[in-house]
Amino acid sequence: MGQIVDLSHHQPANKINWKQFGKDVDLAIIRVQYGSLTEDREHKNHAANCKKHGVPFGHYAYGCFVSVNDAKTEARDFLRRADPAAKFLALDVEGDTVKACGTKNLAQAAQAFIDTCKAAGHKVGLYVSHELYKKYGMDKVRADFLWLPRYGADNGKPEKKPDYPCDLWQYSQNCRVAWYPGTVDLNLLIGNKKLSYFTGAVKKTGEKIAKSVKKVNNMTATYTVKPGDTLSGIAKKYGTTVANLQKLNGIGNPNKIYAGQKLKISGSAPVKQYYTVKVGDTLSGIAAKYGTSVATLQKLNGISNPNKIYAGQKLKIAGSAPAAQYYTVKTGDNLTKIAKRFGTSVSHLVALNKIKNPNLIRAGQKLRVK
């Protein structure tokens, strides 16, 4: 059997002898992104050369999400960037994933990522560091296949198998091959799944995948108008526009809707989640952030006085989950100013963007702020 290799920008395409690669490799697993902000600069070159030399390939994404909703955003970015010829997708959960997300919702966020990709019609696997698999409940995450690393002496030879049943075993990061001058990661099949499982036909390709991604991004629901509702308020709640609601529902005058009227909604479906109050928060500010109202938050949480909330208080939220938002740094900016502008904290910006030194940002740099 030939080699099963995973590739990233650490193996530049112009350094690979692709003719030899085509002879030696049975399957390549190509990294597409490191979080939403960093697209792997070599993934398109790797995929193009695999296709040229007849090597089937899948894709993986290193997770850097900070929450369940953010995991869904990263998954949608992954789907948008993935090559239609990829046979499968995989989520990579390692140390930096834990740093970004924390441990409490790690498994739930990973599941949300995988489920979003599966909803687009893909076969989706999970790669997770051996030491994290049981520690943070990653063994409860459901995926189509499991891919575990365990290296032993990490000398390029398969030595110490994983302690847990899995389908793919990444046995070393220091393998020498004829088609590349440096070292690469190699893998072995050790479960019940044969190579054909990973190299078989893609469930959905081309236009079908595009439609599936669109469906994931823009879910359609029905909303019944209540007394006091406005079209602008409904649009805000569902993360869409008044114009879109008018078009979907054939509404000529946006000021004329009536209680009991059923409206088609295209946008982000409302979610129930929780928010922990921080020092300086107000109920009106939280309501604005989540596209809901003070009255709704009062009702959900049994709050009689909207001016009395306290740091550490856990509030139920019903509204649209905040979408990922980006900001391009301008001359004179610093993280403190940017955090204040977007109602967040410097530490949150540092975590979202993997910033090592919060005092070093540059004009033109693209930062994720939400």
Number of positions in the range 61-113 that are among the hydroxyl-bearing types (Ser, Thr, Tyr) and more than 13 Å from the chain's Cα centre (by Cα): 1
Looking for whichever is part of a strand (DSSP E or B) and under 29 Å from ALA13 (Cα atoms) here; the options are GLY152, GLY58. Which one fits? GLY58
Residue selected from the range 10-60 under the condition over 17 Å from ALA86 (Cα atoms) and among the hydrophobic types (A, V, I, L, M, F, W, C), by the criterion modelled with the lowest pLDDT: LEU37
Name the residues in the range 36-55 that are without any contact (Cβ under 8 Å) to a residue 60 or more places away in the chain, over 14 Å from TRP179 (Cα atoms) and not in a strand (DSSP E or B), would you? ASP40, ARG41, GLU42, HIS43, LYS44, ASN45, ALA47, ALA48, LYS51, LYS52, GLY54
Mind telling me which of the residues ASP96, ASP144, ASP115, ASP154 ends up being touching a Gly at 6+ places or on another chain (Cβ under 7 Å) and among the charged types (D, E, K, R)? ASP144
Kindly establish whether LEU27 is under 23 Å from GLY156 (Cα atoms), assigned by the TED database to the domain that holds VAL177 and buried (at least 19 other Cβ atoms within 10 Å of the Cβ). yes
Just to be sure before I move on: is LYS87 buried (at least 18 other Cβ atoms within 10 Å of the Cβ) and either out of contact with any strand residue (DSSP E or B) (no Cβ under 7 Å at 6 or more places or on another chain) or charged (D, E, K, R) (or both) in the structure I sent? yes
Mind checking which residues of the range 93-123 are more than 25 Å from TYR274 (Cβ to Cβ) and crowded, with 24+ Cβ neighbours inside 10 Å? CYS117, ALA120, HIS122
Where LEU126 falls short, out of the listed (1) surrounded by fewer than 24 Cβ atoms within 10 Å (Cβ to Cβ); (2) outside any loop (DSSP other than H, G, I, E, B): (1)
So is ALA324 part of a loop (DSSP other than H, G, I, E, B), surrounded by 14 or more Cβ atoms within 10 Å (Cβ to Cβ) and either modelled with pLDDT under 80 or of a type in the set (Phe, Trp, Tyr) (or both) or not? yes
Within the range 70-86, can one find any residue that is touching a Lys or Arg at 6+ places or on another chain (Cβ under 7 Å) and either over 17 Å from ALA119 (Cβ atoms) or free of Cβ contacts under 8 Å to residues at least 12 places away in the same chain (or both)? yes
Given (1) under 30 Å from LYS118 (Cβ atoms); (2) free of Cβ contacts under 8 Å to residues at least 40 places away in the same chain; (3) not basic (Lys, Arg), MET138 misses just (2)
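Looking at the range 60-76, which of the residues that are more than 20 Å from VAL128 (Cβ to Cβ) and touching a Ser or Thr at 6+ places or on another chain (Cβ under 7 Å) is surrounded by the most Cβ atoms within 10 Å (Cβ to Cβ)? If you could, list the steps in order and put the result at the bottom.
Of the residues in the range 60-76, the ones more than 20 Å from VAL128 (Cβ to Cβ) are 69, 73, 76.
From the residues that got through so far, the ones that are touching a Ser or Thr at 6+ places or on another chain (Cβ under 7 Å) too are 73, 76.
Details: THR73: 23, ARG76: 19.
Only one residue fits best here, namely THR73.
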Residues of the range 9-35 being part of a strand (DSSP E or B) and under 22 Å from the mean Cα position of the chain (by Cα), in sequence order, are ALA28, ILE29, ILE30, ARG31, VAL32, GLN33, TYR34
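With respect to LYS157, is the statement that it is basic (Lys, Arg), at pLDDT below 95, out of contact with any strand residue (DSSP E or B) (no Cβ under 7 Å at 6 or more places or on another chain) and surrounded by fewer than 18 Cβ atoms within 10 Å (Cβ to Cβ) true? Talk me through it step by step, then tell me what you get.
On the way: basic (Lys, Arg): yes; at pLDDT below 95: yes; out of contact with any strand residue (DSSP E or B) (no Cβ under 7 Å at 6 or more places or on another chain): no; surrounded by fewer than 18 Cβ atoms within 10 Å (Cβ to Cβ): yes.
Against the criterion (basic (Lys, Arg), at pLDDT below 95, out of contact with any strand residue (DSSP E or B) (no Cβ under 7 Å at 6 or more places or on another chain) and surrounded by fewer than 18 Cβ atoms within 10 Å (Cβ to Cβ)), LYS157 does not qualify.
The values are calculated or read from the model by the stated rules, or taken from the named source; none is laboratory data. Quick caveat, the model's predicted, so the values are computed rather than measured. Reconstructed Cβ throughout: ideal geometry from the backbone, glycine too, with neighbour counts over all protein chains shown.
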